[in-house]
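Before any comments, here is the structure.
The values are calculated or read from the model by the stated rules, or taken from the named source; none is laboratory data. Treat the numbers as computed from the prediction; the structure is a model and nothing was measured. Here the Cβ positions follow ideal geometry from the backbone for every residue, glycine too, while neighbour counts run over all protein chains shown. We work out accessible area using only protein heavy atoms, side chains counted, and drop any ligands, DNA or RNA first. Shrake-Rupley method; radii C 1.70, N 1.55, O 1.52, S 1.80 Å.
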Amino acid sequence: MKTLFEELDTSLQYIHNQKILHCDVKPGNIVYSGGHLTLIDWSLAVNQHEHVLDIQRNFVYGTPGFMYF
């Protein structure tokens, strides 16, 4: 099990190195398929520059109906 999460961590690191943020990493967006953990629901993904601009505008990320404050 630890190896699966290490693999997912490596994938996220690669994505972050490409300047992309998923913005909604949570257990419900991680599925086990084909012997691997896969991150799904990329609908909120942005590049890091967009993310900084949205923070400055007080924009809140999250899946509508599933966000908590």
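Modelled spin labels at VAL25 and GLU6, positioned 7 Å past Cα toward Cβ, are 1.7 nm from each other.
Taking every protein chain into account, the 1.4 Å probe leaves THR3 with about 100 Å² of accessible area, to the nearest ten.
In this view, the solvent-accessible surface of LEU4, computed with a 1.4 Å probe and all protein chains in place, comes to about 30 Å².
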